[in-house]
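Some notes on the structure that comes next.
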Amino acid sequence: GIKKFSAERRKALYYNGFRAINSIITDNSLNKPMITLGIESSCDETGLALYCTKRGLLSHALFSQVDLHALYGGVVPELASRDHIRRLVPLTREVCCEASLSLDDIDAVAYTSGPGLAGALLTGAMMAQGLAWAIEKPALGVHHLEGHLLAPMLEEKKPDFPFLCLLVSGGHTQLVKVSGLGQYQLLGESIDDAAGEAFDKTAKMLGLGYPGGAALSKLAEQGDATRVQLPRPMMDRPDLDFSFSGLKTAAITRLKAFSGSDTEQQQFMADLAASFELAVIEVLMGKSRKALKQTGLSRLVVSGGVSANRLLRHTADALQGENVEVFYPRLEFCTDNGAMIALAGALRLSRGESSGLGVSINPRWPLADLH
Ligand code: KG4
Ligand code: ZN
């Protein structure tokens with residue numbers, strides 16, 4: 001049943017929360033390993049994970065709502081929130097079970113507090129704050145993009161600071177100079193569609209469903225990337241910004257103008273997919289190269305949903321011949337997941353940060369606001 005706490009008891013619990021926070025700070029000065037539960041619910045994936053500062057990633061679980069939203073051709077925010085609520089508790093149980101831990105073994109809870117869909121963010125925030133309060137441990141809101149930026153640190157091949165990050169997701173395309181935890185300098189970004197968004201919209205026109213980035217890339221494998229001439233937007237400009245909206249429109253215009261038999265149409269679609277993919281990747285890599293040159297950095301991290309793209313990874317790998325080390329998250333951590341939130345949260349909690357007891361989210365939260 002629901003317990004009703006007296007004002008006294010509430011006050012005691014409130015202070016216990018702070019005691020817990022303080023004890024973590026003290027414990028860490030003794031290098032005691034800390035276990036963080038990470039919760040991601042900013043969009044259409046519910047991700048949970050347990051990360052230990054000593055042993056690394058202990059477990060992770062994900063439920064993707066893709067099938068739920070595919071019917072509507074895009075993410076329906078209200079349906080996303082409702083489904084997160086359904087998954088959060090069972091997935092928490094799952095990660096605890098997989099790591100053979102109980103809730104009491106958790107030292108802190110990190111959750112995505114922005115940017116993202118307000119309702120979806122709220123479900124994770126409520127779950128995190130409620131759980132943290134119940135187990136008398138601190139909670140911390142984490143920036144979703146910081147999770148993506150740091151995701152390759154979950155791998156065996158980890159980047160050292162400083163590095164350049166090409167962050168390519170469904171909502172963002174950014175080049176960020178990462179000098180340390182919380183030291184992020186935005187060098188350039190898309191002035192319209194994100195790379196993933198352009199992939200998705202083009203894929204939709206090709207009848208590949210939603211989100212169609214991966215499907216478009218698969219179709220492109222059967223196509224000739226030199227067949228359809230497409231623009232390389234903003235490539236010759238000296239700045240590090242991107243624009244993908246015109247490229248997407250050019251691809252759609254070419255598709256509409258094509259006429260031929262069914263077989264010819266099929267081949268043309270594969271050729272168009274390949275030409276489109278190549279155009280996006282040439283622009284992404286061209287600007288990344290420019291940014292490496294301008295900053296003098298010799299490490300490149302490629303992360304976010306589009307970093308799962310095979311051709312992009314292959315093209316970026318070629319930079320290794322030019323004395324640039326290249327890092328990626330493993331494929332399943334390119335797209336949204338709880339592991340990157342647990343990791344980013346653990347790094348911040350280790351340096352003594354935590355949010356108050358209130359539930360706070362930040363649906364529009366510039367990365368540059370972090371420190
Ligand atoms: O990082 P993410 O899961 O969500 C955001 O934070 O936005 O990225 C999802 C995006 C989608 O646009 C999806 O189409 C794209 O990543 N994506 C890909 C591939 N896999 C996922 N785009 C191109 N090629 C892929 N293999
Ligand atoms: Zn994301």
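A few points about this structure:
- With at most 12 other Cβ atoms within 10 Å, longest stretch of the chain clear of loop GluC sites (Glu not before Pro) (DSSP): 1-155
- Magnitude of the charge dipole, segment 53-155, Cβ model with Lys/Arg +1 and Asp/Glu -1, debye to 20: 80
- Dipole magnitude (debye, nearest 20) for segment 216-267, charges at Cβ of Lys, Arg, Asp, Glu: 120
- Normalised by 2.2 N^0.38 Å, where N is the number of residues, the alpha-carbon radius of gyration of segment 285-371 equals 1.36.
- Debye intensity ratio in log₁₀ form over the Cα atoms of segment 193-241, taken at each q of 0.17, 0.32 Å⁻¹: -0.62, -1.13
- With at most 11 other Cβ atoms within 10 Å, longest stretch of the chain clear of loop trypsin sites (Lys or Arg not before Pro) (DSSP): 158-350
- Cα Rg over Rh - segment 194-314, Kirkwood: 0.99
- Sulfur and carbon atoms: percent of accessible area, the chain [1.4 Å]: 53
- Cα→Cβ-extended label distance, 7 Å offset, between residue 134 and residue 298, nm: 5.1
- Long-range HN-HN contacts of residue 114 with modeled amide H, under 5 Å: 142, 144, 362
- Remark on the chain: ratio of C-alpha radius of gyration to 2.2 N^0.38 Å is 1.05.
- Between residue 72 and residue 160, the modelled label-to-label distance comes to 4.8 nm, taking each label 7 Å out from Cα in the direction of the beta carbon.
- Dipole of the chain, positive end: most advanced residue of 180, 36, 358 [Cβ charges, Cα centre]: 358
- Projected onto their three principal axes, the Cα atoms of segment 265-334 cover extents of 46, 26, 18 Å, largest first.
- Pairs beyond 27 Å (Cα-Cα), from 54/287; 157/290; 54/158; 137/158: 54/287; 137/158
- Beyond 11 Å, the tail of the calculated P(r) for segment 332-371 holds 75 percent of the Cα pairs.
- Furthest towards positive pole of dipole, 166, 251, 230, structure part the chain, Cβ charges: 166
- Whole-number percent relative contact order across the chain, with pairs defined as alpha carbons under 8 Å at least 6 apart: 24
- Extension gain for residue 313-residue 64 works out to 87.3 nm (0.36 nm per residue, less the C-alpha to C-alpha distance).
- Dipole axis of segment 282-371 (+1 Lys, Arg; -1 Asp, Glu on Cβ), positive-most option in 308, 368, 294: 294
- Point-charge dipole on Cβ atoms (K/R +1, D/E -1) for the chain, about Cα centre, debye to 20: 860
- Net lengthening on full extension, residue 224/residue 239 (0.36 nm per residue, minus Cα-Cα): 2.4 nm
- Against the chain, whose longest principal axis is taken from its Cα atoms, helix 262-295 shows a tilt of about 60°.
- Distant alpha-carbon pairs in segment 56-169 (separation over 21 angstrom), percent: 48
- In sequence order, calculated HN-Hα J values of segment 331-344 (Karplus, 6.51, -1.76, 1.60; Hz; x Gly/Pro): 3, 6, 9, 6, 7, 4, 6, x, 4, 5, 6, 4, 5, 4
- Each eigenvalue of the Cα gyration tensor of segment 29-75, multiplied by 5 and square-rooted, gives one semi-axis; in descending order these are 33, 9, 5 Å.
The values are calculated or read from the model by the stated rules, or taken from the named source; none is laboratory data. Bear in mind that the values here come from a model prediction, so they are computed numbers and not experimental data. Cβ: placed from backbone, ideal geometry, glycine included. Neighbour counts: every protein chain shown. Heavy atoms of the whole protein, side chains included, go into the accessibility calculation; ligands, DNA and RNA do not. Shrake-Rupley method; radii C 1.70, N 1.55, O 1.52, S 1.80 Å.
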